[in-house]
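As structure tokens, the structure follows; a few thoughts come after it.
The values are calculated or read from the model by the stated rules, or taken from the named source; none is laboratory data. From a predicted model like this one, the values you see are computed outputs, not experimental measurements. Using ideal geometry, Cβ is built from the backbone for each residue, glycine included, and neighbour counts are taken over all protein chains shown. Remember, those area values only see protein heavy atoms, side chains included, never the ligands or the DNA or RNA. Shrake-Rupley method; radii C 1.70, N 1.55, O 1.52, S 1.80 Å.
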Amino acid sequence: MPLIAFMLCLLMGAFAFATVLHVVAGLGDVRDRRSLLMAGVCALSIAFNLMVLLATSTADPEALAHWNKLALVFSGFTYPLLLAFFDEGVARLGRAAWAAIAASTVLLFVAHVLLPYGLQFESIERTRALVLPWGETIHVLQGRLNPWFALASLYAFLLALGCIALQWLRYRRKRETAEAVMLAGAVLFAASGAVGVASRFGLLDFNFAGILGLAVTALFVSLVHVHDHRMGREREARERLRQAERLEWLALHDPATGLPNRGGLDARVASRAPDGPAVLALLGIDHLGRMNEAFGHRVGDALVRELAHRTRRGAGQADFVARLTGDKFAMVIEGEKPEIRLDAILAAAKIPVELDDGLVIETSMSGGFTRLPSTACALPAALQEAESALVAAKETGRGRWMAFDRSTFDRDLRWSQLASQMREGLRRGEFRMVYQPRLHLADESTAGFEALMRWAPVEGPVSPAEFIRIAEESGFILDLGRWGIETAFAQRAAWCTAGLAPGRLSINLSPRQLFDPGLADFIADRLAPHGHGPDDIEFEITESVAMERIDAVLPLLQALAGRGFHLAMDDFGTGYSSLSRLQELPFDVIKVDLTFVRRLGTREGDELMSTLLGLIRTLGRHSVAEGIETATQRDWLRGAGCMEVQGYLFSKPLEAGDAGRWLVDRAT
């Protein structure tokens, strides 16, 4: 048995096993085709050396020729497989080149299989015994060479040169020691192949040159590929480090604009030395939400990036710019007179933005600023102050800046506090309803009550003018208003159950309630359980809301009127009603605002009130005057034909129990 062939088989088997183990164990990437190609090269080396071992172990010419033919099959496939190994990651050979290589390899393989002795021999003459230096005897085949063998040898040599060229390209790109070693292996592979071919043509007497070259080449490639796996793990470690750095960067920056984010702002304030004056400014893009709705978020994002660039360009070298939210930037402006910097930035923001698709958008930004705190822990409070100034700037026209004002901030703070307390206050029973009597002016009998809401939290009573406005702005008025309707219905039912005659109950509806699509059904559903009819209930809507948004509120008003409820226009005379629009609305009661009542006793006041009452009569509506405080006012209105009145002259708003006693007293 040829010892050298046996040892090479063991060596190639170890390399193939090691390569596959690296892939399976995760030291390499199972998707790495170089690992699989290397395993294939080692497997072919095993097969080749096994065939050589079997061929050189027999003296029978036919058997030796058979095993030699099989050995050349595995040798022929080794060359294109190694070429693929060296091309992986470089990809310099295109599809056409690989198609030609595949076709040539298959053609030579078919010819090798069909010829009796393969491509190497046309005929065989004899076997020759060789004694190796360590005393072992092997047998080699001798015969007449096939002309095709020269062509096949040239083809194999060209593939070997291709391996050298591809590895040279890889080495030039990476300049790593492992690639240099692999380049040396490719050169050795080509050289050993050339020596082997020369031996077969009789130019050299070294029969194991090809085997030894292939083995050493496989050794080089396997060792370097294992090293490449280790380097791959190092690259993975570097990639993980890069990803960690990227995540760290994202933790402090906004990826859309590249500006620092809130975390970056915190870090800047924390690291800033308090050695000079500075302010914290907030800049908001005006109407960005509408632009997103109109043009899409792609356009909105492009607009944000452009305005971020303009803001950064307008800031000073020592200034700091960050993006806090979708439409908001924060700035730390160093030095005196931050107004100059803000003026320049807001002026730049007003320049129309032209996008890549030719779309031109008119833009603007508003700003607010306050004193920069000396510590990061005070930053949230400073942001609140800057936000308050920004909101004030937007409320006064947008496209401008405002400095922080303590009174405005306190107002906004109180708004936020009351808005957050109201829902819990409703659950705790802090809200209640009071009832102000309304009288028929002719005989001062009870016409009904107007239900009014009061709120008395633990800190003390809050004016209805304040908390109703906040509830309206925050949206809580929808829940609060339904609670008020339910409570008023229940109270009127209680009076009726007690045998009292409370008359018609009037309930105010806020502007936002008029856009509640389920309000009419809610009112109708709550009416019957309390034993009321629609004629017992009246809903008041202010003139300004009814006239300014007539098309929007008309469906609800018509729905309520269609169910038989009475509708009253409140604060008549303070809006901009026209006769034609008044006739369109289904109001059957019109309440004259108290400002006109207070002007009675003057010539202009008397004439104006006479005109208003005459207009109400002309429209065929029921007239009610509010805010009657003196007998003179009462007598004048009675003489002018006003139908109903309410005011402190008769009664202030009463608690439910006091209103019941008032009804009892009036009845007796």
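List of remarks:
- Here Val458 fulfils each of the conditions (1) touching a residue at least 40 places away in the same chain (Cβ under 8 Å); (2) among the aliphatic types (A, V, I, L, M); (3) surrounded by fewer than 19 Cβ atoms within 10 Å (Cβ to Cβ) apart from (1).
- Matching residues in segment 298-329 - criterion: being over 19 Å from Asn261 (Cβ atoms) and either surrounded by 17 or more Cβ atoms within 10 Å (Cβ to Cβ) or in contact (Cβ under 8 Å) with a residue 24 or more places away in the chain (or both): Val299, Ala302, Arg313, Gly314, Gly316
- Close pairs (8 angstrom Cβ cut-off, 6 or more residues apart or separate chains): farther than 15 Å from Gln120 by Cβ and of a type outside the set (Ser, Thr, Tyr) in segment 53-70, part of a helix (DSSP H, G or I) and modelled with pLDDT of 75 or more anywhere: Leu54/Trp67
- Count of segment 620-655 residues which are surrounded by fewer than 17 Cβ atoms within 10 Å (Cβ to Cβ) and part of a helix (DSSP H, G or I): 5
- Only a single item in (1) farther than 30 Å from Leu663 by Cβ; (2) buried (at least 20 other Cβ atoms within 10 Å of the Cβ) is not met by Phe467, and it is number (1).
- Just one residue in the set Arg240, Arg268, Arg246, Arg262 is more than 30 Å from Ala302 (Cα to Cα), charged (D, E, K, R) and at pLDDT 60 or above; that residue is Arg240.
- In the condition set (1) open to solvent by 50 Å² or more (accessible area, probe 1.4 Å); (2) over 28 Å from the mean Cα position of the chain (by Cα); (3) farther than 13 Å from Leu280 by Cα, Phe295 is compliant with all but (2).
- Cβ pairs under 8 Å, 6+ apart, first in segment 518-546 and polar (S, T, N, Q), second open to solvent by less than 50 Å² (accessible area, probe 1.4 Å): Thr542/Pro511; Thr542/Met569; Thr542/Asp570; Thr542/Asp571; Thr542/Gly575; Ser544/Asp571; Ser544/Gly575
- Residue within segment 408-419 that is among the charged types (D, E, K, R) and more than 35 Å from the chain's Cα centre (by Cα) present: no
- For segment 388-423, taking the residues that are among the polar types (S, T, N, Q) and in contact with a strand residue (DSSP E or B) (Cβ under 8 Å, 6 or more places away or on another chain), the one that is modelled with the highest pLDDT is identified as Ser388.
- Top-ranked residue of segment 543-576 - restricted to ones that are open to solvent by less than 40 Å² (accessible area, probe 1.4 Å), not in a helix (DSSP H, G or I) and not aromatic (Phe, Trp, Tyr), ranked as farthest from Thr611 (Cα to Cα): Gly564
Quick grid of which residues meet (1) open to solvent by less than 50 Å² (accessible area, probe 1.4 Å); (2) among the aliphatic types (A, V, I, L, M); (3) under 21 Å from Leu151 (Cα atoms); (4) at pLDDT 80 or above:
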residue: Leu8; (1), (2), (3), (4): yes, yes, no, no
residue: Val24; (1), (2), (3), (4): no, yes, no, no
residue: Arg31; (1), (2), (3), (4): no, no, no, no
residue: Thr56; (1), (2), (3), (4): yes, no, no, no
residue: Phe77; (1), (2), (3), (4): no, no, yes, yes
residue: Val90; (1), (2), (3), (4): yes, yes, no, no
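- For Trp134: the one exception among (1) among the aromatic types (Phe, Trp, Tyr); (2) surrounded by 15 or more Cβ atoms within 10 Å (Cβ to Cβ); (3) modelled with pLDDT under 80: (2)
- Flag if Ala150 is crowded, with 19+ Cβ neighbours inside 10 Å and at pLDDT 75 or above: no
- No other residue among Phe201, Phe109 is open to solvent by 30 Å² or more (accessible area, probe 1.4 Å), more than 15 Å from Asn68 (Cβ to Cβ) and modelled with pLDDT of 80 or more apart from Phe109.
- Checking each residue in segment 112-131 for being open to solvent by 30 Å² or more (accessible area, probe 1.4 Å), in contact with a strand residue (DSSP E or B) (Cβ under 9 Å, 6 or more places away or on another chain) and modelled with pLDDT of 75 or more picks out Leu115, Pro116, Tyr117, Glu122, Ser123, Ile124.
- Tally of residues being open to solvent by 40 Å² or more (accessible area, probe 1.4 Å) and of a type in the set (Ser, Thr, Tyr) across segment 488-521: 1
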